[in-house]
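Novice: Sharing a structure, written as structure tokens. Questions coming.
The values are calculated or read from the model by the stated rules, or taken from the named source; none is laboratory data. Predicted model, so just to flag it, every value in this text is computed and none were measured. Using ideal geometry, Cβ is built from the backbone for each residue, glycine included, and neighbour counts are taken over all protein chains shown.
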Amino acid sequence: MLIPYKTKMRHVWDDHFPAPAQQAVSPASGWSRRQRCVAWVTLIATACVVLVPNLAYPLIEPDETRYAQIAIEMIDSRDWVTPTLGGKAYLDKPPLMYWLTALSFRTFGTTETAARLPSMLSALATILFVFGWGSRVVGRRSAWLGAMSLSLCGGFVLSGRFLILDSLLTFFTTLCLLSGYIAVRGQRHRPVWWMVSGVACALGVLTKGPVALVLCAPPLIVSGWLRADHSRTRILHWVAFVVPMVVVCVPWYIAVAKFNSQFVDYFFWEHNYQRFMRGSNHEQPFWFYIPIVFAAMFPASLLLPSVGVFVASSASRKRSLRSKDLGFLVCGSVWMLAFFSAASCKLPTYILPAIPLICLAMGVMLDQTVFRRDAVDRITNYLIPFPRRATVILIMACGSMIGVDAWLAGSVSPVSVLVGIGCVVVLAIVLANWNRNIAVDRLAWAGTAMVSVGVMLFASTVLLPTISSERSVYVEAFRVAEDDADAAIVFFGEKPHGATFHLSQRQTVAFSIEWEDEFVGFASNQRDFVLVTDDARIERTREVLASTHRLTVSPRHEHVYRASRITPVAKTVASTGKVSR
């Protein structure tokens with residue numbers, strides 16, 4: 001007798017994730033009050049250490065300077081409906097991140113730290129909610145291990161220190177999926193949790209558009225369909241789910257369409273559908289996100305092979321430790337990876353919403369293997385020496401970062417020296433205990449986690465600011481102009497979006513490429529000035545300035561030039577008869 005295809009799929013799913021609830025197979029689903037306090041303190045301390053320090057480095061072009069400028073123009077124009085960039089409507093994305101950034105500027109001043117504050121708080125909140133709400137799904141210890149793993153994902157942490165939309169979107173998608181699943185996982189559905197899920201999805205739509213709904217709805221639908229039990233959602237569920245979206249999102253979409261007739265076609269058709277299908281200028285192969293996930297989750301990604309074995313193994317021992325709750329996390333992360341892989345337009349940060357779910361699955365794996373007292377299997381045996389191997393890899397990575405920082409900065413900083421000494425000491429300790437036969441040593445895992453925090457702290461507070469400063473056109477333009485207090489900084493064909501932050505003490509002038517005559521007229525009356533332009537326009541710029549100025553490229557940035565006068569400044573006679581220069 002043939003088994004219907006739907007029934008067969010459900011049978012395979014039930015066989016692969018047989019346990020009804022992850023907390024039922026977790027040996028530490030219940031913690032004492034003291035244990036909960038310690039867990040929260042250590043998690044908050046770890047997250048703050050890697051996310052909060054030194055957010056004041058120069059904004060990175062083009063995304064950070066662009067989004068910061070949009071928020072500044074919102075404040076200046078008092079137009080909170082239509083985002084503008086350079087005075088023109090910027091309709092690529094919805095406005096929630098711009099609103100939050102503008103509010104941060106109004107509260108804390110127009111600084112780099114204030115610009116990055118909404119993104120940083122989003123990443124911090126994501127880590128905390130992965131533990132807090134993840135505990136309701138997979139148990140406290142699994143959720144805590146997952147949240148700690150998330151705080152040790154380098155790409156996730158660094159993205160949380162950038163003014164970009166993806167950290168805020170990740171927070172809302174994680175919130176939506178966890179609260180939505182909590183709402184339907186019990187025998188009785190919880191409408192309040194379901195409404196919270198709808199509100200979170202609505203805010204995600206107000207952050208980056210319909211992609212939030214596309215990421216969140218399918219895992220909730222497919223997981224319930226595969227389980228074919230009480231977790232299955234009905235039409236009335238989705239009617240209630242859409243209500244917050246109508247209340248939260250529709251007013252802005254209607255308002256912006258009313259004031260910008262091109263919005264509907266441009267935003268929904270060109271910027272969402274066509275970009276998904278054709279890739280715009282970010283087209284990448286289908287497998288692009290496989291190495292990106294490993295890079296974005298480093299050093300936690302060193303555990304990904306073990307997670308894959310734990311989830312995919314057909315051994316009855318491992319199957320008995322996998323629940324339908326874990327199945328939901330797998331369903332959600334696989335769907336996000338598949339969706340973004342199918343899109344033609346790919347950027348590394350797009351995959352961020354999948355990382356919290358993967359980390360929760362990683363927490364389940366660690367809870368059920370390494371940290372389970374009676375665990376005796378290949379994964380546990382393989383991971384017993386993991387702390388030593390991982391520590392050596394981390395030290396090698398840190399050594400490479402010290403070298404890159406010294407190369408970019410042109411010297412070795414005292415901080416790099418201290419970090420290098422620390423790496424040598426830790427490496428000596430690890431090598432001295434390399435052949436020591438030990439069982440699962442929780443102290444060794446804690447030590448490796450501390451080394452990971454130290455490495456990430458160096459990357460985020462030392463290396464990243466160095467990279468930002470060295471590649472910033474604004475920092476270099478200011479540096480070149482330091483020798484001449486009267487020299488103007490002129491942008492020709494380049495947008496001066498970061499000038500508010502880095503060049504506020506200098507005279508800055510901007511000319512679009514269409515204003516070539518005005519640019520030449522302005523330059524002809526200048527003695528020396530600093531020119532910022534791009535590779536495509538520099539030859540034409542040399543031609544039009546050949547009779548008045550000699551251009552010398554900065555050795556540290558290919559878009560910054562010193563324009564030195566080679567002919568006397570033209571003199572004009574004013575109406576008063578006096579000569580003015």
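Novice: Just checking, how many residues over region 7-25 are within 17 Å of Val137 (Cβ to Cβ) and not in a loop (DSSP other than H, G, I, E, B)?
Specialist: So the count comes out to 5.
Novice: For region 256-268, give me the residue count where each residue is out of contact with any Phe, Trp or Tyr (no Cβ under 6 Å at 6 or more places or on another chain) and surrounded by 14 or more Cβ atoms within 10 Å (Cβ to Cβ).
Specialist: Step one: of region 256-268, the residues out of contact with any Phe, Trp or Tyr (no Cβ under 6 Å at 6 or more places or on another chain) are 258-268.
Pick out the ones that are also surrounded by 14 or more Cβ atoms within 10 Å (Cβ to Cβ) and you get 260, 263, 266-268.
Qualifying residue count for the region: 5.
Novice: Against the definition (in contact (Cβ under 8 Å) with a residue 12 or more places away in the chain, among the polar types (S, T, N, Q) and farther than 30 Å from Arg322 by Cβ), how does Thr46 come out, yes or no?
Specialist: So Thr46 fails the test.
Novice: Looking only at region 70-93, decide whether some residue is within 28 Å of Gly132 (Cα to Cα) and not small (Gly, Ala, Ser).
Specialist: No, region 70-93 contains no residue that is within 28 Å of Gly132 (Cα to Cα) and not small (Gly, Ala, Ser).
Novice: Exactly one of (1) in contact with a helix residue (DSSP H, G or I) (Cβ under 8 Å, 6 or more places away or on another chain); (2) farther than 30 Å from Arg373 by Cβ is unmet by Ala19. Its number?
Specialist: Of (1) in contact with a helix residue (DSSP H, G or I) (Cβ under 8 Å, 6 or more places away or on another chain); (2) farther than 30 Å from Arg373 by Cβ, only one is false for Ala19: (2).
Novice: May I pose another question? Please determine whether any residue of region 8-15 is buried (at least 17 other Cβ atoms within 10 Å of the Cβ), closer than 30 Å to Ser452 by Cβ and either in contact (Cβ under 8 Å) with a residue 12 or more places away in the chain or charged (D, E, K, R) (or both).
Specialist: No - not one qualifying residue is present in region 8-15.
Novice: All but one of (1) under 17 Å from His16 (Cβ atoms); (2) modelled with pLDDT under 95; (3) not hydrophobic (A, V, I, L, M, F, W, C) hold for Gly332; state the number of the condition that does not hold.
Specialist: (2)
Novice: If the requirement is being touching a Pro at 6+ places or on another chain (Cβ under 6 Å) and not polar (S, T, N, Q), which of these qualifies: Ala510, Ala499?
Specialist: Numbers: Ala499 fails: touching a Pro at 6+ places or on another chain (Cβ under 6 Å).
The unique qualifying residue is Ala510.
For every residue, the table says whether it meets (1) over 30 Å from Val196 (Cα atoms); (2) under 22 Å from the mean Cα position of the chain (by Cα).
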{"residue": "His230", "(1), (2)": "no, no"}
{"residue": "Leu236", "(1), (2)": "no, no"}
{"residue": "Val242", "(1), (2)": "no, no"}
{"residue": "Pro285", "(1), (2)": "yes, yes"}
{"residue": "Val293", "(1), (2)": "no, yes"}
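Novice: Among the residues of region 84-113 satisfying the criterion of being assigned to a helix (DSSP H, G or I) and more than 17 Å from the chain's Cα centre (by Cα), which is surrounded by the fewest Cβ atoms within 10 Å (Cβ to Cβ)?
Specialist: Restricting to residues being assigned to a helix (DSSP H, G or I) and more than 17 Å from the chain's Cα centre (by Cα), the top hit is Thr107.
Novice: Further question: Scanning region 346-361 for residues that are of a type in the set (Val, Ile, Thr) and buried (at least 24 other Cβ atoms within 10 Å of the Cβ), which turns out farthest from the chain's Cα centre (by Cα)?
Specialist: Among those residues, the one meeting the criterion is Ile358.
Novice: Somewhere in region 217-235, is a residue under 20 Å from Leu100 (Cα atoms) and not acidic (Asp, Glu)? First the steps, then the outcome.
Specialist: Quick first cut of region 217-235, residues under 20 Å from Leu100 (Cα atoms) only: none.
Checking region 217-235: not a single residue is under 20 Å from Leu100 (Cα atoms) and not acidic (Asp, Glu).
Novice: Quick check on this structure: which one of Ser314, Ser306, Ser301, Ser341 is at pLDDT below 90 and either of a type outside the set (Phe, Trp, Tyr) or not in a loop (DSSP other than H, G, I, E, B) (or both)?
Specialist: None of the other options fit; the residue is Ser314.
Novice: Are any residues in region 116-156 among the hydrophobic types (A, V, I, L, M, F, W, C), in contact (Cβ under 8 Å) with a residue 60 or more places away in the chain and within 20 Å of Leu206 (Cβ to Cβ), and if so, which ones?
Specialist: Step one: filter region 116-156 for residues among the hydrophobic types (A, V, I, L, M, F, W, C), giving 117, 120-121, 123-125, 127-131, 133, 137-138, 143-145, 147-148, 150, 152-153, 156.
Still in the running and in contact (Cβ under 8 Å) with a residue 60 or more places away in the chain: 117, 120, 123-124, 127-128, 130-131, 137-138, 143-145, 147-148, 150, 152-153, 156.
Selection gives Leu117, Met120, Ala123.
Novice: Follow-up. Answer yes or no as to whether Arg185 is touching a residue at least 24 places away in the same chain (Cβ under 8 Å), farther than 30 Å from Pro58 by Cβ and outside the structural domain of Leu59 (by TED's automatic domain parsing).
Specialist: yes
Novice: Looking at Leu158 and the list (1) modelled with pLDDT of 95 or more; (2) in the same structural domain as Asp325 (by TED's automatic domain parsing), which single condition is not satisfied?
Specialist: Checking Leu158 against (1) modelled with pLDDT of 95 or more; (2) in the same structural domain as Asp325 (by TED's automatic domain parsing), the one that fails is (1).
Novice: Here are some conditions: (1) surrounded by 24 or more Cβ atoms within 10 Å (Cβ to Cβ); (2) part of a helix (DSSP H, G or I). Gly155 meets all but one. Which one does it not meet?
Specialist: It fails just one condition, (1).
Novice: Moving on. Can you work out which of the residues in region 454-480 that are of a type in the set (Ser, Thr, Tyr) and closer than 15 Å to Pro414 by Cα is farthest from the chain's Cα centre (by Cα)? Spell out the reasoning first.
Specialist: If we filter region 454-480 for residues that are of a type in the set (Ser, Thr, Tyr), which is where we start, we get 460-461, 466, 468-469, 472, 474.
Now narrow it down to the ones that are closer than 15 Å to Pro414 by Cα: 461, 466.
On the way: Thr461: 16, Thr466: 19 Å.
Once the filter is applied, the top-ranked residue is Thr466.
Novice: Please work out which one of (1) under 30 Å from Ser26 (Cα atoms); (2) in contact with a Ser or Thr (Cβ under 7 Å, 6 or more places away or on another chain) is the condition Gly308 fails and give its number.
Specialist: For Gly308, the failing item is (2).
Novice: Moving to a separate point now. Glu476: touching a residue at least 40 places away in the same chain (Cβ under 8 Å) and surrounded by 20 or more Cβ atoms within 10 Å (Cβ to Cβ), yes or no?
Specialist: Yes; evaluated as a whole, the condition is true for this residue.
Novice: Which condition does Ala536 not pass, out of (1) surrounded by fewer than 16 Cβ atoms within 10 Å (Cβ to Cβ); (2) in a loop (DSSP other than H, G, I, E, B); (3) modelled with pLDDT under 85, if it passes all the others?
Specialist: All conditions pass for Ala536, except number (2).
Novice: Looking at region 245-254, is at least one residue within 24 Å of Gly327 (Cα to Cα) and surrounded by fewer than 20 Cβ atoms within 10 Å (Cβ to Cβ)?
Specialist: No: zero hits.
Novice: For residues in region 492-507 being out of contact with any Phe, Trp or Tyr (no Cβ under 7 Å at 6 or more places or on another chain) and either in the same structural domain as Gln69 (by TED's automatic domain parsing) or not in a loop (DSSP other than H, G, I, E, B) (or both), which is surrounded by the fewest Cβ atoms within 10 Å (Cβ to Cβ)?
Specialist: The qualifying residue surrounded by the fewest Cβ atoms within 10 Å (Cβ to Cβ) is Thr500.
Novice: Which is under 24 Å from Leu121 (Cα atoms), in contact (Cβ under 8 Å) with a residue 40 or more places away in the chain and more than 23 Å from the chain's Cα centre (by Cα), of Arg66, Arg36?
Specialist: Arg36
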